[in-house]
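Right, one structure below, let's go through it.
Every read-out reported here was derived from the displayed coordinates using simple, explicitly stated rules and does not represent laboratory data. Just so you know, these numbers come straight off a predicted model, no measurement behind them. All Cβ positions, glycine included, derive from the backbone under ideal geometry; neighbour counts span all protein chains shown.
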Amino acid sequence: MNVTLDHVEGRHPAAARAAPSAITDLSLSIQRGEQVAVIGPSGAGKTTLLQLIAAALKPSFGHVMVDGQDPWVLSTSALQSLRGHLFYAPQTPPLPPRQRVVTALAAGRLPGMSLWQSVVQLVYPRHVAPAVEALGAFDLSEKIWDRVDRLSGGERQRVGLARALMSPATLWLVDEPLSALDPKRARQAIATLTQRAQARNITLITTLHQVDVATTMFPRVIGLRDGRLAFDLPSGQVTQSVLAALYAQHEHELAGIAAPVFDIPAEPAPANIVHCR
Ligand SMILES: Nc1ncnc2c1ncn2[C@@H]1O[C@H](COP(=O)(O)OP(=O)(O)O)[C@@H](O)[C@H]1O
Ligand SMILES: [Mg+2]
């Protein structure tokens with residue numbers, strides 16, 4: 001699926017009247033099969049951008065077009081069909097407690113099913129083999145019969161991502177998928193998502209806190225700041241000075257991630273410190 005934003009403004013219904021728009025005058029175009037990372041300080045509008053593309057938030061100005069269609073003028077059935085082609089993974093996956101992992105994964109397929117199929121599916125999980133495969137891709141196959149509320153935060157987050165592999169969608173919108181993962185698992189998870197998306201020509205748009213993952217694992221990086229487009233560049237052109245400008249006054253959000261941007265020369269250890277094993 002391709003995505004086009006034309007001078008889009010996004011305001012949350014619950015936002016104070018005086019509050020600035022979460023997204024302001026944003027125009028961009030993403031082609032089918034592209035892989036894009038969206039970065040920027042907290043509050044920059046990354047989640048709002050995904051919500052606008054997912055047709056979860058109506059633009060207060062401008063248009064978001066998904067495969068040439070404006071979701072907000074479609075009939076209910078056409079909108080349902082469009083939603084069936086997109087997979088939106090919120091930062092905290094909505095996994096109902098007491099549900100087994102296999103059932104939670106099968107729910108990833110629901111948008112493409114009839115109501116009757118989905119009811120049957122919830123009672124008799126027939127997609128065990130694809131669920132095992134999807135979980136295996138995130139190193140979780142042994143958790144298939146576990147209850148989701150007995151998983152760790154990181155495992156739950158990976159189950160949320162495995163749902164993408166199960167879904168029939170051709171547009172994946174993934175919000176901060178790595179917040180509960182250690183750096184090694186985070187890279188593995190993104191490698192899985194990007195490889196699977198590429199193999200199926202799926203458009204992948206991911207917001208990320210981890211700037212190093214964005215610039216090394218995605219071909220295109222979009223920087224948002226204060227709801228506006230700060231840059232839209234091939235990742236090779238996202239230099240340290242570009243990042244420093246994006247995160248100016250928010251440098252702590254880069255701490256420990258993009259160390260070369262703020263290279264602090266290592267101080268020699270004081271002579272009186274004894275190094276113990
Ligand atoms: N549901 C909401 N109601 C009101 N304001 C919101 C809501 N969600 C986000 N905002 C505001 O919109 C702006 C952008 O938020 P968000 O898109 O969540 O940024 P990010 O994901 O980059 O941290 C922030 O100022 C935030 O306070
Ligand atoms: Mg966010």
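Tabulated data
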read-out: Sequence-distant lysines (8 or more away, or on other chains) whose Cα lies within less than 30 Å of residue 184; value: 46, 143
read-out: Ranked 63, 7, criterion: other C-beta atoms within 10 Å, fewest first; value: 7, 63
read-out: Sorted peptide list for 42-55, 11-24, criterion being average Cβ within 10 angstrom, highest first; value: 42-55, 11-24
read-out: For 83, 200, order by how many other beta-carbon atoms lie within 10 Å, fewest first; value: 200, 83
